[in-house]
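The values are calculated or read from the model by the stated rules, or taken from the named source; none is laboratory data. Nothing here was measured: the structure is a model prediction, and the numbers come from that model. Neighbour counts run over all protein chains shown; Cβ positions are idealised from the backbone, glycine included. Side chains included, ligands, DNA and RNA excluded: accessible areas come from the protein's heavy atoms. Shrake-Rupley method; radii C 1.70, N 1.55, O 1.52, S 1.80 Å.
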Amino acid sequence: MWKRYARWLHLGVPAGRVEPGPVVQADGSTNLPGVFIVGDLTGIPLLKFACDTGAGAVERIAVSTARGVGEELDLAILGGGVAGMAAALEAQAAGLRFVVLEAAAPFSTIVNFPKKKPIFTYPMKMKPRGALQVNAEVKEALIEELSEQVREKSLPVRIGVSATHLERKKTGGYDVHLKEGVPIAARHVIVALGRSGNFRKLDVPGEDLPKVYNRLHDPAKYKGKNVLVVGGGDSAVEAALAMAAEGAQVAFSYRGKELNRPKPENTQALHEAARDGGVELILPSTVKEITAGEVTLDVAGESRTLANDAVFPLIGREPPLEFFRKSGIPIIGEMSPGKWRAFGLFLLFCAVMYVWKFGYLPSGLGWIGAGDPTSLIGSIINATKDPSFYYTLAYSLCVVVFGLKRIRTRKTPYVRRQTYTLMAIQVVPLFLLPQILLPWMGENGWLSGFVEEQFFPDKSYWRSYGFVLAWPLFFWNLASAQPIWGWLVVSAIQTFVIIPLIIRRWGKGAYCGWICSCGALAETLGDEHRHKMWHGPNANKWNFVGQAILAFALLGLAWRILGWALADGNFFARTFDPLIALPWKLGVDLLIAGIIGVGFYFWFSGRVWCRFACPLAALMHIYTKFTRYRIFSEKDKCISCNVCTTVCHQGIDIMNFANKGKPMDDVECVRCSACVQECPTGTLSFGTVDTAGRPQAIDPIYASPIHQTEAPDLKALLARLQERHDEA
């Protein structure tokens, strides 16, 4: 029963992983001064972006006063692809002394595309910086177009040269170490290596045989041949279909039971080819051994040998991670000894801070004099005696300061409205109200009678957090020794009426992304760290920690109600504090939500608490199974770049929905808009569906910079989505 519930709630959704890459800023800069990363390695495999990032990096270098001295060059460009050549043209125009180091040949990645491969030139209205431009939409025409733009420029390109790493010189600049030959000295370096030279391996005997290829150049070459294609993505499916169409006998091997990554039309075409006999699907299976005339597979634990003339392991590529490690450029998600030390020290700091905030350490604030409690200034003076005042003040300042930074960085109407809302809620009802305004109002008799009795008995103004932070996130208003009827009514309406209604219309993110203080800090202070969240099926299993905490909260509520209902001094009343309240305070509030939730921010994303452990989020996951909210995708625009999945700090495999055109309905979504904003082709948009699951409305607040610039006709977009839904 538990397995069925877990699969229904969340484990049944896609759970793709994120490929590792170097840490690079939006402008291409790295932790090494004067070293820039451009092109594919920035995470966006689009030609226009490659041109733009290459030229943009040179623009920054050109305005620098640092220049090479003697034989030292101004600039070394590593890689002669689109990004590298765009940088070279810009460097030549700026009068820089530079060299391009290319292991194979200029534009070799495009040259190695299959014949007549269609080329995506998104965004359609974008004109990259610099001289190199791309307009052609087919491989052969694109190669001619690019070659013509560099043919007469006499660029200093060295062919057959590969860099192993960079070494920073004491005098500034870098030595570019090569596989062969003496290092090249350069004041600045642009890394445009791409991913083309780092194919993943099967790690099986015979993989080094000459009949094993990582690229398909000409499908017609394999007419009448026995071919094995290994992989689970679009490239593998398209290669299998292309060779089958030319008359090859194709076997298709993938380790999974079904294909989740390819676009639906590719998957459908593959299954049709299998029914027609052109392709044999062998799922799940793995390659055991490759020999001159055969290949052996492991199929459900049993060996199967096939006659074979060629093997295509199309299982993806990786960036040159070792180059970055040896050069001192950090890899996203990798923890060095120094990072582990910093993480441990920050975790210790958070432990001390939260232990102090919870009152388990001397406050040291006794020197603060008492103020007149009836005056506003006096209320402020009195509030400063409490450690929670300083904690909440610092929390609010972080939300405001980093919120303003987020608004400047992510310039969309959606982010602007969302962030200002989070800032206002954090400052007013979650700081000024409980810390200053309510104590001042109480001392002046404005909260006497019913309000004080039903909401703030014994001047417990901290309970006002419950107006925003609903049960069971804020556990304590329903955990008092005697029932506080005002909070019982408010909490019941919040948790079981208002929140389900807003989730029904706007999704879980209406609360997690627009109201909650935990979300406020995650979306502001944690904004730059969202790409550090764990992804994959194993990470998704940890989401059920929140379900366990929710179960404990329900147990605690039932325990307290029984304590209220039975005679004075009953077992439930006597044991609530040691068995329920203390474990919650120390285990949930102090350790998991506080020390771990904040301590993990700069290393593992700001949503660790929100995603894995928050009991209110766990309850909202159930509500979200019935929401009308979706993230829509125009699958024709999706290039399967995985940027949307990479920036999701809830670990959602958004690309798996997007490249199929399937509305994203993962219960973890918090409407942060990062996936919509970062999508380089403007594929994604917020919206709602009707009761039949048909797209009903598109959110009019632009969350995509491309939509903001191009201002698409939302009615026409909705009509296209509805048409595709009806066709499906």
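A compact table of results
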| quantity | calculated |
| --- | --- |
| Breaking point among (1) under 28 Å from Gly328 (Cβ atoms); (2) modelled with pLDDT under 90; (3) open to solvent by 50 Å² or more (accessible area, probe 1.4 Å); (4) not hydroxyl-bearing (Ser, Thr, Tyr), for Arg168 | (2) |
| Where a residue in segment 342-361 is under 15 Å from Ile596 (Cα atoms) and its partner, wherever it lies, is open to solvent by 60 Å² or more (accessible area, probe 1.4 Å), with Cβ under 6 Å and at least six apart | Val355/Leu361 |
| Qualifying positions in segment 183-235 - in a loop (DSSP other than H, G, I, E, B) and touching a helix residue (DSSP H, G or I) at 6+ places or on another chain (Cβ under 6 Å) | Ala192, Gly194, Arg195, Ser196, Leu216 |
| Which listed residue, of Ala274, Ala269, Ala248, is more than 26 Å from Val18 (Cβ to Cβ), without any contact (Cβ under 8 Å) to a residue 24 or more places away in the chain and open to solvent by less than 50 Å² (accessible area, probe 1.4 Å) | Ala274 |
| Every residue from segment 360-399 that is farther than 30 Å from Trp514 by Cβ and in a helix (DSSP H, G or I) | Ile377, Gly378, Ile381, Asn382 |
| Helices (runs of 4 or more DSSP H) wholly inside segment 644-728 containing at least 1 residues that are more than 21 Å from Lys263 (Cβ to Cβ), open to solvent by 10 Å² or more (accessible area, probe 1.4 Å) and touching a residue at least 12 places away in the same chain (Cβ under 8 Å) | 674-678, 705-710, 714-727 |
| Residue tally, condition open to solvent by 50 Å² or more (accessible area, probe 1.4 Å) and either at pLDDT below 90 or touching a helix residue (DSSP H, G or I) at 6+ places or on another chain (Cβ under 9 Å) (or both), over segment 116-148 | 13 |
| Any hit, segment 470-490, residues being modelled with pLDDT under 95, within 30 Å of Ile698 (Cα to Cα) and surrounded by fewer than 21 Cβ atoms within 10 Å (Cβ to Cβ) | no |
| Single condition Gly569 does not satisfy, out of (1) assigned to a helix (DSSP H, G or I); (2) more than 30 Å from Pro123 (Cα to Cα) | (1) |
| Residue identified as at pLDDT below 95 and not small (Gly, Ala, Ser) among Lys385, Lys405 | Lys385 |
| Among the residues listed as Gly160, Gly79, Gly68, the single one being under 27 Å from Leu314 (Cα atoms) and surrounded by 14 or more Cβ atoms within 10 Å (Cβ to Cβ) | Gly79 |
| Test: residue in segment 573-581 that is part of a helix (DSSP H, G or I), open to solvent by 70 Å² or more (accessible area, probe 1.4 Å) and touching a Phe, Trp or Tyr at 6+ places or on another chain (Cβ under 6 Å) | no |
| Neighbours by Cβ (under 8 Å, 6+ apart or cross-chain): first from segment 298-321, under 28 Å from Gly21 (Cα atoms); second surrounded by fewer than 17 Cβ atoms within 10 Å (Cβ to Cβ) and among the basic types (Lys, Arg) | Pro313/Arg200; Pro313/Lys201; Ile315/Arg200; Gly316/Arg200; Arg317/Arg200; Glu318/Arg200 |
| Among residues of segment 25-42, those that are open to solvent by 20 Å² or more (accessible area, probe 1.4 Å) and β-branched (Val, Ile, Thr), counted | 2 |
| Subset of segment 399-421 that is of a type in the set (Lys, Arg) and either open to solvent by less than 40 Å² (accessible area, probe 1.4 Å) or without any contact (Cβ under 8 Å) to a residue 24 or more places away in the chain (or both) - its residue that is farthest from Leu525 (Cα to Cα) | Arg416 |
| From Gly687, Gly651, residue being touching a Leu at 6+ places or on another chain (Cβ under 8 Å) and of a type outside the set (Asp, Glu) | Gly687 |
| Qualifying residue in segment 37-52 (condition: assigned to a loop (DSSP other than H, G, I, E, B), in contact (Cβ under 8 Å) with a residue 24 or more places away in the chain, within 20 Å of Pro183 (Cβ to Cβ) and touching a strand residue (DSSP E or B) at 6+ places or on another chain (Cβ under 7 Å)) | no |
| Given (1) open to solvent by 50 Å² or more (accessible area, probe 1.4 Å); (2) free of Cβ contacts under 8 Å to residues at least 24 places away in the same chain, index of the condition Val111 fails | (2) |
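Conditions (1) at pLDDT below 95; (2) touching a helix residue (DSSP H, G or I) at 6+ places or on another chain (Cβ under 7 Å); (3) within 25 Å of Leu41 (Cβ to Cβ); (4) surrounded by 19 or more Cβ atoms within 10 Å (Cβ to Cβ), marked per residue:
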| position | (1), (2), (3), (4) |
| --- | --- |
| Lys585 | no, no, no, no |
| Leu591 | no, no, no, no |
| Phe626 | no, yes, no, no |
| Tyr629 | no, yes, no, yes |
| Cys638 | yes, yes, yes, yes |
